[in-house]
Amino acid sequence: MSTVPLGTIVVAIEDSAANLPAILAALRPGAHPDCEFLFFATEETVLLGLPANLSNLRGLRCASGARIPEMWRDGIVAARSEWVALLTAHVVPAPNWLPALLEAAPQGEVVGVGGYFSNDERATPLDWAIYLLRYAAFSRPGSREVTHIAADNAVYRRSEILACTDLLAHGFWEVEYHVRFLAKGLRLRLSAALQVIHVNRYTRAGFAAQRREHGFAFGRDRARRLGFAQLALHALAAPLVPAVLYAKVLTRVRRHGWLAATPIAAYAWLFYFVLHWAWGEARGVFHEFTRRITCQPWLQRR
């Protein structure tokens, strides 16, 4: 593409290559030459399944072991447009997703616009657990201002992300960026027009590993914002985290009307994944706690 694209769509592929045909059919990159499409994966064989005859579509390989936030970060840096939309290959956009995205692109003080997630009608209890854990808060469409959106179906003003140079080194972990945006007086919105379907491709072990790594990043980043006394309290409270998190998830599920629709077996999987997240979060908190302790002047003088 010789001109600046109207927008950039970044798709992170993690254990989800089976969804690529449906995603490509929904996005129809050949029908949108004014946009660029960047697909990221850690395996070259996955990228070989992408169309090779489109100048506005590229498949890019990430470092081995890269997670979705690192893929998004690489896509944001590589993008050439003013705004960048993020997806994972675990969701399939609705047919009107891209036109709706072009209408919803952030303007003025709005730095990011997120969308909504429905669940695959063929979902297993495992799939339901993953859906409710990640997307229950974004399952009942409505357009309003919020303090958090799910980056798996969202569009952001690229320049504001790139301005957070200290966060970019770790990837695009959206919670940290949202905190930074709101502190600057910027706003986040939800748009009912941005609809995707969650089609899970994670295995039990694969998603558990993802929860541990994401939990570690969350715990580490939150711990960095705490004073030393607060950090010590968080470290002491680590054994309580699984119960607290599970209660929060169940409250969210009930609030959004999913209790009756959820298979009973999904609740066991929910708790299983909450345990993995909590373990990762505790490691992140203790990582920062240990770093602070070893940096104390009184310890260094001994």
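If you go through the stretch 225-242 one residue at a time, do you hit one that is farther than 30 Å from Thr203 by Cβ and within 22 Å of the chain's Cα centre (by Cα)?
Just the residues of the stretch 225-242 that are farther than 30 Å from Thr203 by Cβ, to begin with: 225-237.
After this cut, where a residue has to be within 22 Å of the chain's Cα centre (by Cα) as well, the list is 225.
Within the stretch 225-242, one or more residues are farther than 30 Å from Thr203 by Cβ and within 22 Å of the chain's Cα centre (by Cα).
Residue under question is Trp258, and the condition is that it be at pLDDT 75 or above, touching a Pro at 6+ places or on another chain (Cβ under 9 Å) and not assigned by TED's automatic domain parsing to the domain that holds Tyr131; does it hold? Please lay out each step first, then the result.
On the way: at pLDDT 75 or above: yes; touching a Pro at 6+ places or on another chain (Cβ under 9 Å): no; not assigned by TED's automatic domain parsing to the domain that holds Tyr131: yes.
For Trp258, the condition - at pLDDT 75 or above, touching a Pro at 6+ places or on another chain (Cβ under 9 Å) and not assigned by TED's automatic domain parsing to the domain that holds Tyr131 - is not met.
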Inset, instruction - Can you give me the number of residues within the stretch 246-269 that are in a helix (DSSP H, G or I) and within 17 Å of Leu126 (Cβ to Cβ)? - result: 9
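Okay, residues lined up against (1) surrounded by fewer than 23 Cβ atoms within 10 Å (Cβ to Cβ); (2) among the hydrophobic types (A, V, I, L, M, F, W, C); (3) in the same structural domain as Phe271 (by TED's automatic domain parsing); (4) over 19 Å from Glu160 (Cβ atoms):
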{"position": "Asn56", "(1), (2), (3), (4)": "yes, no, no, yes"}
{"position": "Ser64", "(1), (2), (3), (4)": "yes, no, no, yes"}
{"position": "Arg67", "(1), (2), (3), (4)": "yes, no, no, yes"}
{"position": "Val77", "(1), (2), (3), (4)": "yes, yes, no, no"}
{"position": "Ser81", "(1), (2), (3), (4)": "yes, no, no, no"}
{"position": "Val84", "(1), (2), (3), (4)": "no, yes, no, no"}
{"position": "Val111", "(1), (2), (3), (4)": "no, yes, no, no"}
{"position": "Gly114", "(1), (2), (3), (4)": "no, no, no, no"}
{"position": "Thr124", "(1), (2), (3), (4)": "yes, no, no, yes"}
Legend entry - Pair list, Cβ < 8 Å and 6+ apart or interchain, from the stretch 25-42 residues that are within 18 Å of Ile68 (Cβ to Cβ) and in the same structural domain as Ile76 (by TED's automatic domain parsing) to residues that are among the hydroxyl-bearing types (Ser, Thr, Tyr) and surrounded by 20 or more Cβ atoms within 10 Å (Cβ to Cβ): Phe37/Thr8; Leu38/Thr8
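The values are calculated or read from the model by the stated rules, or taken from the named source; none is laboratory data. Bear in mind the structure is a predicted one, so any value in this text is a computation, not a measurement. Ideal geometry is used to build each Cβ from the backbone, glycine not excepted, and the neighbour counts take in all protein chains shown.
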